[in-house]
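Step one of this worksheet: look at the structure below.
The values are calculated or read from the model by the stated rules, or taken from the named source; none is laboratory data. Owing to the predicted nature of the structure, the values given are computational and were not obtained by experimental measurement. Here Cβ is always computed from backbone atoms with ideal geometry, including for glycine, and neighbour counts include all displayed protein chains.
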């Protein structure tokens, strides 16, 4: 076997492979031998059918399988020799199937990371905001905990429902003297003022006292999850059966024990404060890392493999659709098509791809590696978070090639950690909220 490598672009290679007639004959003989061992034919014992007979009867299948097996073997051998790591699938362009006693040739192409002239990435200077936790923020969490652990008490006084109340209602959306399926309920508990229902619906509920009934028109938003109701106006019938108010527990040691098994109230506040500090430390580090990357990459010429950009766009699009679904919305409700969103995300994807290519180049230069165990641990996290079987997820990742993406992401993370740890990080006071808004172009 001989092969010639051709650079089609900084990120794409083409390899032409020439196979001698002797190699062709050897490949055909090997495949024929496999068929001979497994073929059953009348008049012969299994495995004893002459190769000439098998070769004639299964000629088409043998030629196809021998060609495929030889190409796959040589692809792996060539890629190993050249130490190349494609970032795309390998496109094979065979010149038909092999034929006995004849030379054979084929070509294959694939995308690769570009060779980069890396600037100095160690010892860069960057500012990182220090972490400050306001006690008022801890107080807000405490109040949410008290609200979650509150007891409900029937309101004795004669009054209308109001924000902060928990009401028990029967309701039905009517249209042409018929209730809409899926928009009726009995003894439904609603926490007013928490955004659990449409604002107009809550306002309707707040017009009556306990035991009273009311009705009014409600218009559903255009992006309402139930497309049969999106943008439509219905007559909503409501029966307010009872009003309950929350009785908040005192902020004391008993609250701490109920909230998470903390011995004291001070321990609960400390845990909340520590949680804020940990999340903000990570956030501030992420911001500093982005500053480092922007500073290093600025001005660099980084050719991008089209498949990498396309894959990144697809990932961003998938995340976008996932966010919509979690909000109970569909892509159609936004009035945008998949093609429009792909175009909108293209610039973001290109920037993310530039970062990925750069970090992978750093990882390669530094000799960073990711073990199979690290990839498996990451897949285990995905399985645990999704509640799915690990072996099934692992098999899916391996079959779709997603385990390679996981490995590349872990490599990029290691490269980023190396750059950050080698940087001169100067801690600065956090900006006031007004300053942050001004920097982001928002009005104070």
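Inside the range 156-196, residues that are without any contact (Cβ under 8 Å) to a residue 60 or more places away in the chain and touching a strand residue (DSSP E or B) at 6+ places or on another chain (Cβ under 7 Å) make up a count of 15.
Being without any contact (Cβ under 8 Å) to a residue 40 or more places away in the chain and assigned to a strand (DSSP E or B) is the filter; apply it to the range 216-268 and report the residue that is nearest to residue 140 (Cα to Cα). Selected residue: 219.
Within the range 409-423, identify whether any single residue is crowded, with 18+ Cβ neighbours inside 10 Å, outside any helix (DSSP H, G or I), at pLDDT 80 or above and touching a helix residue (DSSP H, G or I) at 6+ places or on another chain (Cβ under 8 Å), and answer yes or no. There is at least one residue in the range 409-423 that is crowded, with 18+ Cβ neighbours inside 10 Å, outside any helix (DSSP H, G or I), at pLDDT 80 or above and touching a helix residue (DSSP H, G or I) at 6+ places or on another chain (Cβ under 8 Å).
Taking the range 286-300, which residues are in contact (Cβ under 8 Å) with a residue 60 or more places away in the chain and out of contact with any helix residue (DSSP H, G or I) (no Cβ under 9 Å at 6 or more places or on another chain)?
To start, the set of residues in the range 286-300 that are in contact (Cβ under 8 Å) with a residue 60 or more places away in the chain comprises 287-289, 291-293, 295-297, 300.
Scanning the range 286-300 gives 287, 291, 295.
Residues that are touching a residue at least 24 places away in the same chain (Cβ under 8 Å) and over 12 Å from residue 159 (Cα atoms) were ranked within the range 203-212; the one that is surrounded by the most Cβ atoms within 10 Å (Cβ to Cβ) is 205.
Sort out which residues of the range 93-103 are touching a strand residue (DSSP E or B) at 6+ places or on another chain (Cβ under 7 Å) and either over 29 Å from residue 399 (Cβ atoms) or modelled with pLDDT of 90 or more (or both), and write them in order of number. Can you show your working first?
The initial filter retains those residues of the range 93-103 that are touching a strand residue (DSSP E or B) at 6+ places or on another chain (Cβ under 7 Å), namely 93-95, 98, 103.
If the condition is that a residue be touching a strand residue (DSSP E or B) at 6+ places or on another chain (Cβ under 7 Å) and either over 29 Å from residue 399 (Cβ atoms) or modelled with pLDDT of 90 or more (or both), then 95, 103 are the ones that fit.
Condition first: more than 23 Å from residue 300 (Cα to Cα), touching a helix residue (DSSP H, G or I) at 6+ places or on another chain (Cβ under 7 Å) and part of a loop (DSSP other than H, G, I, E, B). Can you find one or more residues in the range 121-132 that meet it? Don't jump to the end; show me each part of the working.
Of all residues in the range 121-132, those more than 23 Å from residue 300 (Cα to Cα) come to 128-132.
Imposing the further condition that a residue be touching a helix residue (DSSP H, G or I) at 6+ places or on another chain (Cβ under 7 Å) reduces the set to 128-129, 131.
Next cut, part of a loop (DSSP other than H, G, I, E, B) only: 131.
Yes, the range 121-132 contains a residue that is more than 23 Å from residue 300 (Cα to Cα), touching a helix residue (DSSP H, G or I) at 6+ places or on another chain (Cβ under 7 Å) and part of a loop (DSSP other than H, G, I, E, B).
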